[in-house]
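Participant: Mind having a look at this structure? Questions to follow.
The values are calculated or read from the model by the stated rules, or taken from the named source; none is laboratory data. Since this is a predicted model, take the numbers as computed values, not measurements. Heads up, the Cβs are rebuilt from the backbone with ideal geometry, glycines too, and the neighbour counts pull from every protein chain shown.
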Amino acid sequence: MKYNAWIFVVVAVAVATMGVTVEAAENDPVAFTAPAAVTGSTDATETYGDATNGWAGEDRMRGNIFSVTEFTTLEQIEQYLAVPVSTTLHFSVFRKTNDGTLTGTYTRDFLADVAVTAAGAAFYSTGVISYSLEPTYYYYICTGWDIGDNITYYRGNQAVPLATTFGALETGVPDGGAGNPSTYDNTYTGFSPYYMRLTFTIVPVELQTFTIE
């Protein structure tokens, strides 16, 4: 496990509420649109997905699976949610060896429990973190919440895989399990991205460290 977690601060960036179209079922196949270019890459922040589709529910976990081609330090996770009451969000990073198959068991390698104040529809954040993304793994980066928290979450229609600066967003995960598990068995591929922002730094080759696990 390679991360350092400093102070977890809630960053709720108010964003104008966009129109929401609710699909009949969240895990039904979706009609894709051409992927938009990732935004903000010059300052190492990229946005994936949008608020085209929205669902609400309690005791859930939603996010995206990424592959990695560049050693990268993940510095912040933000997810666009509509949070109606003050609660705790569980920001997690799960990983699985990159064996060419997105399905299988992912093990949680990072968790930030962040107390948030209800701010409606906004990006909610881990605050500043430091977590290493390596090419040898797939990563399921997601946010969970508990029973009693009826939170609305969003997903776009962009085709996947969607290129990122450090690799690719391989799939959204439309049934990510209950709010705070230690492992997750993924069976999904080919789903458009959940609305998320990541802030990161590509690690220069001369600063990379290699370990044997």
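Participant: Which ones in segment 52-85 are under 20 Å from Glu170 (Cα atoms) and part of a loop (DSSP other than H, G, I, E, B)?
Facilitator: Result: Thr52, Thr69, Glu70, Phe71.
Participant: Specify the residue that is nearest to the chain's Cα centre (by Cα); the eligible residues are those in segment 60-111 that are within 26 Å of Ala159 (Cα to Cα) and basic (Lys, Arg).
Facilitator: The extreme case among them is Arg62.
Participant: Please verify whether Asp185 is more than 15 Å from the chain's Cα centre (by Cα), assigned to a strand (DSSP E or B) and under 16 Å from Gly63 (Cα atoms), treating the condition exactly as stated. It would help to see each step written out before you state the result.
Facilitator: On the way: more than 15 Å from the chain's Cα centre (by Cα): yes; assigned to a strand (DSSP E or B): yes; under 16 Å from Gly63 (Cα atoms): yes.
When the stated conditions are applied, Asp185 passes them.
Participant: Could I ask something else about it? Hey, among the residues in segment 99-127 that are of a type in the set (A, V, I, L, M, F, W, C) and at pLDDT below 95, which one's farthest from Asp146 (Cα to Cα)?
Facilitator: Step one: filter segment 99-127 for residues of a type in the set (A, V, I, L, M, F, W, C), giving 102, 110-112, 114-116, 118-119, 121-123.
Remaining after also requiring at pLDDT below 95: 118-119.
Values: Ala118: 15, Ala119: 18 Å.
Only one residue tops the list, namely Ala119.
Participant: Would you check if Thr165 is in contact with a strand residue (DSSP E or B) (Cβ under 7 Å, 6 or more places away or on another chain), surrounded by 15 or more Cβ atoms within 10 Å (Cβ to Cβ) and not in a strand (DSSP E or B)? I'd like the intermediate steps shown before the answer.
Facilitator: Working: in contact with a strand residue (DSSP E or B) (Cβ under 7 Å, 6 or more places away or on another chain): yes; surrounded by 15 or more Cβ atoms within 10 Å (Cβ to Cβ): yes; not in a strand (DSSP E or B): yes.
So Thr165 fits the description; yes.
Participant: Taking the options Thr189, Thr199, Thr165, name whichever one is over 18 Å from Trp145 (Cα atoms) and in contact with a helix residue (DSSP H, G or I) (Cβ under 6 Å, 6 or more places away or on another chain).
Facilitator: Working: Thr189 fails: in contact with a helix residue (DSSP H, G or I) (Cβ under 6 Å, 6 or more places away or on another chain); Thr199 fails: in contact with a helix residue (DSSP H, G or I) (Cβ under 6 Å, 6 or more places away or on another chain).
Among Thr189, Thr199, Thr165, only Thr165 is over 18 Å from Trp145 (Cα atoms) and in contact with a helix residue (DSSP H, G or I) (Cβ under 6 Å, 6 or more places away or on another chain).
Participant: Also, I was wondering about something else. Taking segment 50-59, which residues are more than 13 Å from the chain's Cα centre (by Cα) and closer than 24 Å to Pro161 by Cβ?
Facilitator: Kept after step one, since they are more than 13 Å from the chain's Cα centre (by Cα), are these residues of segment 50-59: 51-59.
Of everything in segment 50-59, those that are more than 13 Å from the chain's Cα centre (by Cα) and closer than 24 Å to Pro161 by Cβ turn out to be Ala51, Thr52, Asn53, Gly54, Trp55.
Participant: So, Gly120, is that one closer than 17 Å to Trp55 by Cβ and among the small types (Gly, Ala, Ser) or not? Steps first, answer last, please.
Facilitator: Working: closer than 17 Å to Trp55 by Cβ: yes; among the small types (Gly, Ala, Ser): yes.
Yes; evaluated as a whole, the condition is true for this residue.
Participant: Do we find a residue being over 15 Å from Glu170 (Cβ atoms) and either basic (Lys, Arg) or not in a strand (DSSP E or B) (or both) anywhere in segment 95-105? Write out each step before concluding.
Facilitator: Step one: list which residues in segment 95-105 are over 15 Å from Glu170 (Cβ atoms), which gives 105.
Those left that are additionally either basic (Lys, Arg) or not in a strand (DSSP E or B) (or both): none.
No: zero hits.
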